[in-house]
1. Which one is farthest from H115 (Cα to Cα), of the residues in region 67-92 that are touching a residue at least 60 places away in the same chain (Cβ under 8 Å) and assigned to a helix (DSSP H, G or I)?
2. Inspect all residues belonging to region 59-72 and state whether any of them is under 22 Å from R215 (Cβ atoms) and touching a Cys at 6+ places or on another chain (Cβ under 8 Å).
3. Looking only at region 103-156, filter to residues that are assigned by TED's automatic domain parsing to the domain that holds V172 and of a type in the set (S, T, Y); which one of those is farthest from A276 (Cα to Cα)?
4. Looking at region 4-13, can you tell me whether even one residue there is free of Cβ contacts under 8 Å to residues at least 12 places away in the same chain, part of a helix (DSSP H, G or I), of a type outside the set (V, I, T) and farther than 30 Å from G230 by Cα?
5. Of the conditions (1) part of a helix (DSSP H, G or I); (2) charged (D, E, K, R); (3) more than 26 Å from R205 (Cα to Cα), E258 clears all except one; give me its number.
6. Which of the residues that make up region 85-129 are within 16 Å of D40 (Cβ to Cβ), of a type in the set (G, A, S) and touching a strand residue (DSSP E or B) at 6+ places or on another chain (Cβ under 8 Å)?
7. For L60, are the conditions met, namely being more than 16 Å from the chain's Cα centre (by Cα), assigned to a helix (DSSP H, G or I), at negative phi and in contact (Cβ under 8 Å) with a residue 24 or more places away in the chain?
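The values are calculated or read from the model by the stated rules, or taken from the named source; none is laboratory data. Owing to the predicted nature of the structure, the values given are computational and were not obtained by experimental measurement. Every residue, glycine among them, receives a Cβ derived from its backbone with ideal geometry; neighbour counts consider all protein chains shown.
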Amino acid sequence: MASLEKAPVIGVIAGPTASGKTRLAVELAQRLSCEIVGADSMQVFRGFDIGAAKPSAQELSGVRHHLIDVAQPDEPFDAARYVREADAAISQISGRGRGVLVVGGTGLYLRALLHGLHAAPPADAAVRSGVLEEAKREGWAAMHARLAAVDPVAASRLHPNDGVRIGRALEVYEVSGIPMSTWQREHGFDKWRYRAVFLGVLRPRDELCQIIDARVDAMMAAGFLGEVEGLLAAGCSPTCKPMQGLGYKRLVEYLRQELSLEAAVEKIKTDTRRFAKRQMTWFRKEKGLEWVEPRAQEVAGRLEGLLDPLST
């Protein structure tokens, strides 16, 4: 990657789920001649459309998007891969003389893109397999408790059902003997990989909760359940990473007759509201983030003249 002085200025639009990031970004991209690079850990997977709240066909046709539908559901996709592919997309966009807007709610992806990944040990397949086998026997809540015993700082940041990150933290500790939180603290995330205008979309919490509930209802009306049925019928495992995402897991539970449909929908709403709260907690700690209301004209004024790679 080029030195920071030669790197393009990029716009970054972050915020919790359902805050209006996509609509805002599309309008900004049209006003400012930009292309959009997604930063969403669900939208990278093909076939996960309604529940992942991917941009609509109209939005995709109106603005060129990147990092959407780039992986199969059973394909590994982590923050390191995200950074590689996002770097490539940003370079290509800038090379065409277009501005870049990075948009999404996956805080880890944005932090890694802007500051780099901490130098934790590489993945160890044997150790990871052992952790996953133990999780199958004991459950992720028990694995979260195990993590709390060796790395209470990391455990306090993770939901007990976040198997991907719990597993990685346990793997890091078992391989290195050093807690994941220590690796992260020593990294510091102080250096910037891009010159960035880092904006967070802010809505009042009560308003956001109402939007979340309405959006879940709209997803169900749009065929969310049918999407899940189709993915399972096509051979997608109910245990694959994206099927553990918001909404998908609850609808699988309904299809297994573990929940009524009404209960599944209510749990999706509750899960999503809690997830949005965790996202806000994450973003409030991010360096350099400026909160804005989702008003395109005002935000465009903040970005105008900054994202043209020919002027930097």
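1. Checked region 67-92; the qualifying residue farthest from H115 (Cα to Cα) is I90.
2. Within region 59-72, one or more residues are under 22 Å from R215 (Cβ atoms) and touching a Cys at 6+ places or on another chain (Cβ under 8 Å).
3. Here the residue is S129.
4. Here is the first cut: in region 4-13, the residues free of Cβ contacts under 8 Å to residues at least 12 places away in the same chain are 5-6.
In the following step, the residues that additionally are part of a helix (DSSP H, G or I) were identified as 5-6.
Subsequent filtering for residues that are of a type outside the set (V, I, T) retains 5-6.
Remaining after also requiring farther than 30 Å from G230 by Cα: 5-6.
Checked region 4-13: at least one residue is free of Cβ contacts under 8 Å to residues at least 12 places away in the same chain, part of a helix (DSSP H, G or I), of a type outside the set (V, I, T) and farther than 30 Å from G230 by Cα.
5. Answer for E258: the failing condition is (1).
6. A86, A89, G104, G105, G107
7. Details: more than 16 Å from the chain's Cα centre (by Cα): yes; assigned to a helix (DSSP H, G or I): yes; at negative phi: yes; in contact (Cβ under 8 Å) with a residue 24 or more places away in the chain: no.
No: the conditions fail for L60.
Results for (1) in the same structural domain as T106 (by TED's automatic domain parsing); (2) touching a Ser or Thr at 6+ places or on another chain (Cβ under 9 Å); (3) at pLDDT 95 or above, shown as yes or no for each residue.
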{"residue": "M220", "(1), (2), (3)": "yes, no, yes"}
{"residue": "A234", "(1), (2), (3)": "yes, no, yes"}
{"residue": "T239", "(1), (2), (3)": "yes, no, no"}
{"residue": "Y248", "(1), (2), (3)": "yes, no, yes"}
{"residue": "L251", "(1), (2), (3)": "yes, no, yes"}
{"residue": "E262", "(1), (2), (3)": "yes, no, yes"}
{"residue": "T272", "(1), (2), (3)": "yes, yes, yes"}
{"residue": "T281", "(1), (2), (3)": "yes, no, no"}
